[in-house]
Structure formats: structure tokens, C-alpha cells
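> Below is a structure I'd like to ask you about.
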Amino acid sequence: MPTIVVDVMPKAELLDPQGKAVAGALSRLGEHRFSDVRIGKRFELTVDGEVDDATLARARELADEMLSNAVIEDVVNIEVVE
């Protein structure tokens, strides 16, 4: 069964307190190669049958309407994985 993967991230202009906490933890552990961490969400929608244009379009609508909060988040990627 194919799966549609939707990735949602906080808007770039907003603070990401979870990401800041992880970045601080990495620094305290001596890991200085990474200057910033941003934490988002991943949704996996399993599709019964084939993924056609209508199914993908509906997944995009759901990503915008239900899976993300347009005020503070962006849908950054939608892809089909087999």
C-alpha cells in the first residue's frame, strides 16, 4: 500500500523552543557541528489503492486544513512513498 508523507515545520520566523532545547543539549554534550535545530511533525497517510492526482490533491488540502496550523506552521513537503 502506498503512503503519502506530509512534513510540517514551524514557520521560520517563529521561535522553536523544542529545537532550542535540543540544540542546547547537543552543545552541552560537546557537539558543536550543528548550529541550530528545528523540530517539526511527520504524518504518514496510508492509501487504500493507487495514489492518483485527486488523492494527492485531497492530501494537500488536509495538510493545509487539518494537519498544520497555518498561523504558526508550514507544510514543507508532501511525497508518495511505496
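> Å³ per residue of the Cα convex hull, for the chain?
Roughly 107 Å³ of hull volume per residue.
> Toward the positive end of the charge dipole of the chain, about the Cα centre and with charges on Cβ (Lys, Arg +1; Asp, Glu -1), which of VAL81, ASN69, ALA25 goes farthest?
Selected residue: ALA25.
> Send over a whole-number figure in Å² for the accessible area per residue of the chain, probe 1.4 Å.
Normalised by residue count, the accessible surface of the chain is 71 Å².
> What percent do you get for the relative contact order of the stretch 1-79 when only Cα pairs under 8 Å and 6+ apart count?
Relative contact order for the stretch 1-79 comes out at 54 percent.
> Run the accessible area of the chain with a 1.4 Å probe and give the carbon-and-sulfur part as a rounded percent.
The nonpolar share, carbon plus sulfur, comes to 54 percent.
> Right, something else. If you fit an axis through the alpha-carbon atoms of helix 17-28 and take the longest principal axis of the Cα set of the chain, what angle between them do you get, 0 to 90°, nearest 10?
In the chain, helix 17-28 runs at an angle near 50 degrees to the longest axis.
> Once the Cβ-Cβ distance between ARG58 and LYS11 is put in as r, and R0 is 30 Å, what FRET efficiency do you end up with, to the nearest 0.05?
0.80
The values are calculated or read from the model by the stated rules, or taken from the named source; none is laboratory data. Remember, predicted model here, so these are calculated numbers, not experimental data. For neighbour counting, all protein chains shown are included, and Cβ atoms are generated from backbone atoms with ideal geometry for every residue, glycine included. In case anyone asks, the SASA skips ligands and DNA or RNA and just uses the protein heavy atoms, side chains included. Shrake-Rupley method; radii C 1.70, N 1.55, O 1.52, S 1.80 Å.
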